[in-house]
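Nothing in this text is a laboratory measurement; each read-out follows from the coordinates by a stated rule. What you see is a predicted model, and the numbers here were worked out from it, not measured in a lab. So basically every Cβ, Gly included, is an ideal-geometry build from the backbone, and we count neighbours across all protein chains shown.
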C-alpha cells in the first residue's frame, strides 16, 4: 500500500491526483445538477426541499460530505502546487511567445479558471451551504435560491462563474481520462468532443438557474416565492 | 616501401571468420575489468562498439563532439540496411551479398573483409530487432524487405525513410544502458585533438572540451576511432556540418596509413545548390529513380519552363544511353552522366547545374495517390526546401558528395598500422572498394561495432592484461598536449581577414572542380598547386574571433578545416597516381570508346595506403595487393 | 514573390552559463528567400566576424531535420512558425519584408544556456539512461522473425520512435515538461513485445529521471505536439500514464 502511494510523489502521479479528485468532483457536479433540476418541478419547491433535507439528515451523506471537502481541498492544494512547480521550471521566461494554435485557451488557463471557481465556491457556500447546513435557517432552501437570484449582481456572478466552470471542465474532463491513461490515438478526438459536450451540459445546466429565476421564465420563481 | 600485412586468416573464404573466432586469443573477464578502451565517435560504429565492449566488461570511455551521442550523422541515413537473411525467398545468400558488394565496389575491396561483413549482416538485424528498432513489417507481423540499386534481390530492411535514425537510436540505447551502469563514461562536446603514442602503441588521446576550451588527457590500453567520413572536405556535401577528418588525420600524421583517400561517392539525386550562402546539400533518396524519369532539354541554354518543352525536344539521356538499366544505373554512372549534360550547357535551373527528375508520366500511369504513397514524405521535404511542388513541376536534382570509401588502412582485425589503434565504420577503408552499394554503410558500421571489434580487440589486449594504462603525466601526454596547445595558439594568432567558412568554401571549390566526378592529370596537378597556395593563405588569412578557453565554434571549425586542407592534398595525390578509372574514381584518360570507366587491373589492383613522412615531404605510397580468389574480375556494364 | 527581403534580428546573446544575457539587434538587408533559416544565421555570423564581433553561437549539425541539434525559439515559437519543421528546414520565404525576428534559446531550467542560443540538453540523455533501452547484450538476440509484431503496433511504435530529441516539446510547454519526449520512448517500447519484460521498471525509473532533471509536470495542453517537428502525438503521453499507473499498482 505504501509502495503504491509513492506513485503520487512524481509529476505524473501528481497530475493523476488532479485527475482522480477532478473526476470525483465531477460526480458531485452531476449529483448537484440533478438536485437543482428539482427546482423546475413547479411544485412550489417541495421536491427540492425534501431532497435537500434528506442530504442534511443522512448519515451516509455526512461521510460523503467529508470526502467531498477533502476532494476539493486536495484538488485545490495539488493544483496550486503544480501551478507553482511548473512556473518554477522556467525561471527565465521568453521575450516573445506565440501560443495561438498551441493547445486551447482552456488548457493553458486551468489555474486561472480554477481560482475563479474557488472564489465562486466561497460565495456559493456562504450563501447557501453555511446558513442552511450549519445554522439551519427557517426558510426553505428553495426559497433562498429563488430569492437570491433576483439580485442583478448575484445572478450575473453565477452565470459568469458557470461559464468559467464550463471552461475548466472543457479541458479538465477529457484531460483527466488522458492523465489516467484512458486515451489513445483513436479516442483522442471523440474524447475531446465528449469533454466539450459534458462541459456544455454542466455550464448550461447550472447557468440556467440564475437565468430562469432572474427572468422568472415559465414562472419558476413565482412558483416558489409566490407573488 | 613497407609491406602491409592484412592478417587475413587462412582457409576457405567461408571458414575464415568462424575459424578466427574459435582460435583468437581471449581476455578473461576478471582481466577485462582492468582494461581501458577509448572509443572516439558515437555513430553506428562507435556507439555499437562502445556498448558491446562495455557489455564484455571492458572499461570504456566514449567521446563525441555533438551535445549528445544520439546526434551522430549515421542518424541521417534514409534508405535501409542490407542483410543476407533471404526472408524474401528470392535466392539471396551470404555469398550473393558478398559478391554484389565486391562487384559494386568495382573490385577494389578486400574479399575476406567483405565476406565477413556479409556473414554477420544477418546477426545485425537480429540484434536491432531485439533492441526494439521498429523496422517495417508485413501484415503477418514479420519483417518487410525492399530492393535497392545494383542488386537483383530484396534484402534491404528499412524503417520508413529513417532507417539510420532508428538503428542509431538502437545503438544509442545500448550505449545509454552501459553509461547508466558506469561501464561507459560518456564525454559529450569533446573533440579528439591528438593521438598519444607510447612505445609505438596507441595509448591515449588529447581532447578539447568544446564548452570550456580545456584540453584534457585520456589514457587507454587501446584507442578505437569511429569518426565517420570526410566528405566535408568538399565543403558542400550531404554530411552534417560538423563531420570532419580531424581524428583520423591526427592518426595519419602519427603513423596510421591512409588508404584510397580519393575514393569518394557522389550521389546522383540531391537538391541542387541554390546560392553562395548554401551550407549543405540534401539527399533525395535513390528510390525516386524507380518512378522518376531523368531528362534535360535537347537544346543548350533552353530557358523555357519544363512543362513547355515538348517531349521531342527533351533528352531522356539515361534511357537513351543505358537502355537496359535506364534511370536505374548505379550511382557513379548516373552522376557522371548528369555532369556531362550540364557541361554541354544543357543543365537546367538558375545555375544550369541541375537536371530534371520528372514524375509526370508516373503520375499519369499510376495516379497521384500511388506516387504520394510511395514518395509523399520526400516530395514534402523537396517542397519545404525549394518551395516547388514536384507533383506539378519536375524536381531539379544534381549529384553531391555523399560518402567516402577511403579511410584509415586497417587489417583484418580492423587495426591500423599503429598497434592498438583501430578504425571502424566509414573512417576505415575496408569494405566498399571504389564504390559503395546503397544500404551497405549502415551494415558496415554496425558489423564493425557489434560483431567484429569485440572479437578482434581481444587478440591485441590479451598481451596487455598486466600492463597499467599509461599515466597521463607521462611525457608523451605532455608533449601531445603541448603540440595541440601550440597549434591552437598558432591558429588564434593568425588574426587574418577571412572567416573559416570562406577558406573552407575555397577548398571545396578546388576539389569539386578537379577531384570530383571526373578527374584528369592536368586538373589534378592544378588542384595540387592551388591547394598548396590555399594552405598558405589559410595560415595567413584565417580570422577566428573569441578566445581559446571558451565555447568557440569558429575555433573548432578552423582546426577541422586546417586538417581538411592537408587531406585534400593527399586526395589529389592519390587521384593523380591512380591512372585507371574504377568505381567512383573516374579518370578521363581511362575510359572506353563509349565514355565508360575503364579499370586497369594489371597495374592498379591494389589498395593505396599512404604514409605520412612529415610536413613538406611527399607521403610514401604503400601497396596492399588485392587477391581475388573467389570472385572473377570483370568490367561492369549497364548497357 | 520578391527574391530578397530586409530583416531585423533580435537575438539573445549570453557569453556563458553564468553570465547575464541580453538582446542585440542586427540589421539583415537583402536576405535571399531561398535561404534556410540557419543559412541566414551563417550570413549574419559572417558579417559579425568580418566586423570584428563574435558570431552568434547556435547548435546545428545535419541541417536536414533529423539530428535534432538545432534549437531556436523563433518569433515566439520553437523552430519557428511552421508545423512539423525544424529550424534548419525552415526557409526565409516564410518571412515578410521588414519583419523583426526575435530569436531566443530554449527556455527551461533543465536546459541551461551554454552560450547565446546553445543550451545543454544532457537531461534528455539522462532520461534515456534511466531506462530507455531493452537490456539485450550483443549476440544474445534470437532470429529477427521469431518475434512477430502486429503491423499497426509496429507503425505506432515507429511514430513514437521518430523523436529526434530536439527539445522543442519542452521549449513549447507552458510547464517546461519533457513528457512528450519521455513518453515517446516509453510508448515505443511498450508497443513492442521486446519492451515487455522491463516495462514496469522502465517507466518508473524514467519518470523519476524526468523529475530529477527539473522538468515540469504535464497538464495535457498539447503545445508540444503542435510544435514537435516529427508530429509526435500526445496520445503517447496517455500511454505513458497508463504504463505508469500499471507499474505503480503492480505488486513488484
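Temperature 4 °C, viscosity 1.567 mPa s: under these conditions the Stokes-Einstein estimate for the stretch A:112-171, based on its Kirkwood radius over C-alpha pairs, is 105 µm² per second. Here r is the Cβ-Cβ distance between residue A:127 and residue A:23 and R0 is 35 Å; the resulting FRET efficiency, rounded to 0.05, is 0.85.
Figure legend: label point modelled 7 angstrom from the Cα of residue A:56 along Cα→Cβ; residues of the stretch A:123-146 with amide N under 13 Å from it are A:128-145.
Given a cut-off of under 8 Å on Cα pairs at least six residues apart, what relative contact order in percent is computed for the stretch B:268-401?
Relative contact order comes out at 34 percent.
Measuring nothing but alpha carbons in the protein assembly as shown and taking Rh as the Kirkwood radius, the Rg to Rh ratio lands at 1.04. For chain A, the pair-distance distribution built from all alpha carbon pairs, in bins 10 Å wide starting at 0, is 7, 28, 32, 21, 9, 2, 0 percent. The simple spin-label model puts a point 7 Å past each Cα toward its Cβ; for residue B:389 and residue B:31 those points are separated by 6.9 nm. Once the mean 1/r over all distinct Cα pairs of chain B is inverted, what Kirkwood radius in angstroms do you read off? For chain B, the Kirkwood estimate is 25.0 Å.
The convex hull around the C-alpha trace of the stretch B:238-397, projected and averaged over every direction, spans 11.4 square nanometres.
With angles folded into 0 to 90 degrees, how steeply does helix B:475-494 sit against the dominant principal axis of chain B? Use alpha carbons for both and round to 10. Here the helix axis deviates by roughly 40 degrees.
First measure r as the distance between the Cβ atoms of residue B:10 and residue C:143, then evaluate 1/(1 + (r/R0)^6) with R0 = 35 Å and state the FRET efficiency to the nearest 0.05.
Computed FRET efficiency for residue B:10 and residue C:143 comes out at 0.70.
Need one number: the % of Cα-Cα pairs in the stretch A:73-190 sitting beyond the 20 Å mark. The answer is 59 percent, as a whole percent.
Counting pairwise Cα distances across the stretch C:4-115, what percent come out greater than 20 angstrom? Counting every Cα pair in the stretch C:4-115, those more than 20 Å apart make up 38 percent. Between residue B:276 and residue B:21, the FRET efficiency from the beta-carbon distance, with R0 = 51 Å, is close to 0.45.
The angle separating the long axis of helix B:521-541 from the principal Cα axis of greatest extent in chain B is about 50 degrees.
Model label points for residue A:46 and residue B:304, set 7 angstrom from Cα along the Cα-to-Cβ axis, are 9.3 nm apart.
Kindly identify the stretch B:510-639 as rounded, prolate or oblate by the Cα gyration tensor criterion: order the square roots of the eigenvalues as a ≥ b ≥ c, call it rounded if a/c is under 1.5, otherwise compare a/b with b/c, prolate if a/b is larger, else oblate. In terms of gyration-tensor shape, prolate.
Per residue, the average separation of C-alpha pairs within less than 8 Å and at least 6 apart gives the stretch C:122-249 a relative contact order of 34 percent. Based on C-alpha pairs under 8 angstrom that are at least 6 apart in sequence, the stretch B:331-400 has a relative contact order of 37 percent. Over all orientations, the stretch B:484-546 has a Cα convex hull whose mean projected area works out to 4.8 square nanometres.
Put a dot 7 Å past the Cα of residue A:80, heading toward its Cβ, do the same for residue A:139, and the two dots end up 3.3 nm apart. Peptide B:140-148 has a mean shielding of 3, counted as Cβ atoms of other protein chains within 10 Å of each residue's Cβ. Volume of the convex hull of the stretch B:95-155 (Cα atoms only), normalised per residue: 96 Å³. Inverting the pair-averaged 1/r between distinct Cα atoms of chain C gives 19.6 Å as its Kirkwood hydrodynamic radius.
Both radii were evaluated on the Cα set of the stretch C:122-249; the Rg over Rh quotient, with Rh as the Kirkwood radius, amounts to 0.97. Against chain B, whose longest principal axis is taken from its Cα atoms, helix B:500-514 shows a tilt of about 60°.
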